[in-house]
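Report on the following structure.
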Amino acid sequence: MLPVIGALRPWADPDAVHLHRLPMHVPLPVTDAARRSLDGDWHFTRFASPDQVPAEAVRGPTPTTGRTVAVPGNWTLQGTEDTPWYTNVQMPFDGPPPRLPELNPTGVYRRSFTLARGWRSQQVVLHVGGAESVHAVYLNDRFVGYGTDSRLPSEYDLTEHLVSGANHLAIVVVRFSAQSYVEDQDQWWMAGLHRSVFLEVRPLVHVADVRVRADLRVDDGTGLLHVRTDVGFVGAPSAGWAVRSWLERLDGRRVTTPHTGDVPHEFDVPYVFAGHRVEATWEVPRIAPWSAESPTRYRVVVELLGRDGTVHQRTSQLVGFRHVEVRGRQFLVNGQPIWVFGVNRHDHHPDRGKAVTVDDMRADLEVMRRHNITAIRTSHYPNDVAFYDLCDELGMYVVDEANIESHAYNTSLCNDPRYLSTWLARGSRMVQRDRNHPSILLWSLGNESGYGTHHDALAGWIRHD
């Protein structure tokens with residue numbers, strides 16, 4: 001039985017969305033020295049079900065002999081005798097929700113790593129880019145966390161579990177779960193770690209999230225920029241920290257004067273404390289707007305300043321200024337109606353399954369652009385973060401779709417209280433990750449999942465946010 005969670009069986013509980021997962025945030029660029037890829041060959045053992053995985057499978061040193069599989073990749077395409085399944089409406093196993101099949105292939109991924117010098121004094125985070133269907137993380141014989149949603153990343157704080165020398169990591173991936181009922185999409189069912197896995201080191205005080213609103217005042221072409229920076233304190237919050245931010249062109253020429261604000265630290269002031277965040281606002285005359293025809297981008301630069309005023313950390317976000325509205329039954333971008341020549345696109349490769357590379361994505365988009373396609377719906381789930389960067393660069397309108405499709409139970413799960421937390425987590429985390437991209441014009445609440453209270457709740461969250 002899996003340590004800690006084996007008896008609880010969270011994969012069979014639709015209300016168990018995660019355990020110890022860190023909050024979602026926009027992707028933040030870091031230096032090469034602050035990130036270490038764990039992609040490559042991992043030791044792999046497959047079991048018939050999660051209930052049959054013995055504790056010893058995630059304990060002790062990483063095995064040096066036995067089968068390996070590639071990460072990113074799907075074990076269903078790597079000779080593990082567990083093959084892809086295709087369904088459209090029907091589930092690949094009998095219900096009703098949240099019942100699971102007795103045969104539920106479960107893979108245990110193992111590999112070791114040694115920390116770089118200086119990492120032990122900072123926060124070390126594990127990033128799991130995508131795992132189908134759900135996953136659990138163990139490090140050095142200790143349970144770290146559990147995550148759901150096979151199309152969004154999950155991150156976990158490894159700091160207190162690390163040791164000097166070799167660290168032994170295990171990620172257990174369960175192919176089918178209670179969450180599978182809302183991943184019932186018209187596609188191939190795969191399994192495994194199909195997006196990148198990496199380690200990232202973060203200072204004990206660091207930039208945790210950067211939220212950018214880059215709007216356009218259509219009547220005079222003024223850019224309206226609002227930047228909200230959230231600062232993370234791994235330990236107790238302290239005074240003396242500040243955030244400096246500005247807007248610049250891609251060639252580095254500044255467009256706005258820098259704004260500096262102190263980071264609030266008095267978290268125990270009733271009715272006053274709104275978070276460790278600094279907000280800045282600018283009006284930028286004669287901004288070059290972003291559109292599919294002219295995808296002009298700018299860079300928001302954010303610096304975290306220490307108590308002595310020196311730069312403690314620096315990060316950035318590429319943004320575009322555009323205004324989206326519905327007026328007189330017309331959908332307008334920058335005050336003008338647009339032609340939407342759109343397609344649906346799955347993450348899919350004939351040999352690697354759901355493990356799609358940046359080169360694969362760019363090739364897809366360039367072919368679409370040559371054929372006058374201007375819009376994509378990410379059917380039926382959020383894509384890898386690199387996909388949206390490419391759409392921003394190449395000029396492609398995007399409908400970002402939450403990983404929600406309950407096709408076989410189209411009219412019931414959207415009102416089933418056991419699945420409310422699933423609906424909200426999937427849609428809200430998608431927005432929290434992707435909201436700075438100018439290419440995204442619309443948020444989809446899912447596909448072929450009926451209409452119910454869960455959709456209203458998620459739509460309300462997005463509109464409020």
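The values are calculated or read from the model by the stated rules, or taken from the named source; none is laboratory data. None of the values given here were measured: they were computed from a predicted structure. We place every Cβ from the backbone using ideal geometry, glycine too, and count neighbours over all the protein chains shown. When the accessible area is computed, the model is the full protein with side chains, heavy atoms only, and any ligands, DNA or RNA have been set aside. Shrake-Rupley method; radii C 1.70, N 1.55, O 1.52, S 1.80 Å.
Pick from G450, G446: which is part of a loop (DSSP other than H, G, I, E, B), touching a residue at least 12 places away in the same chain (Cβ under 8 Å) and surrounded by fewer than 18 Cβ atoms within 10 Å (Cβ to Cβ)? It would help to see each step written out before you state the result.
Details: G446 fails: surrounded by fewer than 18 Cβ atoms within 10 Å (Cβ to Cβ).
One residue alone meets the criteria, G450.
Out of curiosity, is L304 open to solvent by 50 Å² or more (accessible area, probe 1.4 Å) and either modelled with pLDDT of 95 or more or part of a strand (DSSP E or B) (or both)? Can you show your working first?
Values: open to solvent by 50 Å² or more (accessible area, probe 1.4 Å): no; either modelled with pLDDT of 95 or more or part of a strand (DSSP E or B) (or both): yes.
No: the conditions fail for L304.
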Subject >> Selected residue (criterion: farthest from E325 (Cα to Cα)) from residues of the range 207-229 that are assigned to a loop (DSSP other than H, G, I, E, B) and open to solvent by 30 Å² or more (accessible area, probe 1.4 Å) >> reply: D220
Subject >> Close pairs (9 angstrom Cβ cut-off, 6 or more residues apart or separate chains): of a type in the set (S, T, Y) in the range 289-316, open to solvent by 40 Å² or more (accessible area, probe 1.4 Å) and assigned to a strand (DSSP E or B) anywhere >> reply: S291/Q336; Y298/L318; S316/R299
Original post:
Within the bounds of the range 330-344, is there any residue that is open to solvent by less than 30 Å² (accessible area, probe 1.4 Å), under 24 Å from the mean Cα position of the chain (by Cα) and within 28 Å of W85 (Cβ to Cβ)?
Top reply: no
**OP:** Kindly indicate which of A178, A170 is touching a Phe, Trp or Tyr at 6+ places or on another chain (Cβ under 9 Å), open to solvent by less than 10 Å² (accessible area, probe 1.4 Å) and either farther than 29 Å from T31 by Cβ or basic (K, R) (or both).
**Re:** A178
Original post:
In the set G40, G79, which member is on the phi > 0 side of the Ramachandran plot and without any contact (Cβ under 8 Å) to a residue 24 or more places away in the chain?
Top reply: G79
**OP:** Only one of these is under 20 Å from V30 (Cα atoms), out of contact with any Gly (no Cβ under 9 Å at 6 or more places or on another chain) and of a type in the set (D, E, K, R): R244, R211. Name it.
**Re:** R211
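Table: residues versus (1) of a type in the set (S, T, N, Q); (2) at pLDDT below 95.
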residue: H226; (1), (2): no, no
residue: S238; (1), (2): yes, yes
residue: Y271; (1), (2): no, yes
residue: G275; (1), (2): no, yes
residue: E279; (1), (2): no, no
Original post:
If a residue has to be surrounded by fewer than 16 Cβ atoms within 10 Å (Cβ to Cβ), touching a Phe, Trp or Tyr at 6+ places or on another chain (Cβ under 9 Å) and among the aliphatic types (A, V, I, L, M) to count, how many in the range 48-79 make the cut?
Top reply: 0
**OP:** Among the candidates S196, S154, S164, single out the residue that is closer than 22 Å to A34 by Cα, touching a residue at least 60 places away in the same chain (Cβ under 8 Å), among the polar types (S, T, N, Q) and open to solvent by 10 Å² or more (accessible area, probe 1.4 Å).
**Re:** S196
**OP:** Determine the pairs where a residue that is among the small types (G, A, S), located within the range 358-386, has a partner that is modelled with pLDDT of 95 or more and surrounded by 18 or more Cβ atoms within 10 Å (Cβ to Cβ) with Cβ atoms under 6 Å apart, the partner being 6 or more residues away or on another chain.
**Re:** A375/Y397
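Report, by residue number, each residue of the range 282-296 that is out of contact with any Phe, Trp or Tyr (no Cβ under 7 Å at 6 or more places or on another chain) and part of a strand (DSSP E or B).
Step one: filter the range 282-296 for residues out of contact with any Phe, Trp or Tyr (no Cβ under 7 Å at 6 or more places or on another chain), giving 282-286, 288, 291, 293-295.
Within the range 282-296, W282, E283, V284, P295 meet the criteria.
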**OP:** Output the number of residues of the range 113-132 satisfying the condition of being surrounded by fewer than 22 Cβ atoms within 10 Å (Cβ to Cβ) and part of a loop (DSSP other than H, G, I, E, B).
**Re:** 6
Original post:
Among the residues of the range 243-259, which ones are in contact with an Asp or Glu (Cβ under 9 Å, 6 or more places away or on another chain) and either in a loop (DSSP other than H, G, I, E, B) or open to solvent by 80 Å² or more (accessible area, probe 1.4 Å) (or both)?
Top reply: R254, V255, T256, P258
Original post:
All but one of (1) open to solvent by 50 Å² or more (accessible area, probe 1.4 Å); (2) of a type outside the set (S, T, Y); (3) more than 30 Å from H194 (Cα to Cα) hold for E366; which doesn't?
Top reply: (3)
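Yes/no per residue for (1) open to solvent by 40 Å² or more (accessible area, probe 1.4 Å); (2) of a type outside the set (A, V, I, L, M); (3) within 17 Å of the chain's Cα centre (by Cα); (4) closer than 30 Å to D215 by Cβ:
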| position | (1), (2), (3), (4) |
| --- | --- |
| V356 | no, no, yes, no |
| S379 | no, yes, yes, yes |
| V398 | no, no, yes, yes |
| L413 | no, no, no, no |
| Q432 | yes, yes, yes, yes |
| L441 | no, no, no, yes |
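Let's see how each residue does on (1) among the polar types (S, T, N, Q); (2) touching a helix residue (DSSP H, G or I) at 6+ places or on another chain (Cβ under 8 Å):
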site: V182; (1), (2): no, yes
site: G192; (1), (2): no, yes
site: S196; (1), (2): yes, no
site: A208; (1), (2): no, no
**OP:** Select from the range 230-241 the residues that are touching a residue at least 40 places away in the same chain (Cβ under 8 Å) and either under 27 Å from the mean Cα position of the chain (by Cα) or under 30 Å from V137 (Cα atoms) (or both) and write down the one among them that is surrounded by the fewest Cβ atoms within 10 Å (Cβ to Cβ).
**Re:** V234
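Specify the residue that is surrounded by the fewest Cβ atoms within 10 Å (Cβ to Cβ); the eligible residues are those in the range 80-99 that are in contact with a Lys or Arg (Cβ under 9 Å, 6 or more places away or on another chain) and within 24 Å of Y146 (Cβ to Cβ). Break it down into steps so the answer makes sense when it comes.
In the first step, residues of the range 80-99 are kept if they are in contact with a Lys or Arg (Cβ under 9 Å, 6 or more places away or on another chain); the result is 80-82, 93, 97-98.
From what's left, within 24 Å of Y146 (Cβ to Cβ): 80, 82, 93, 97-98.
Numbers: T80: 18, D82: 21, F93: 15, P97: 19, P98: 19.
Restricting to residues being in contact with a Lys or Arg (Cβ under 9 Å, 6 or more places away or on another chain) and within 24 Å of Y146 (Cβ to Cβ), the top hit is F93.
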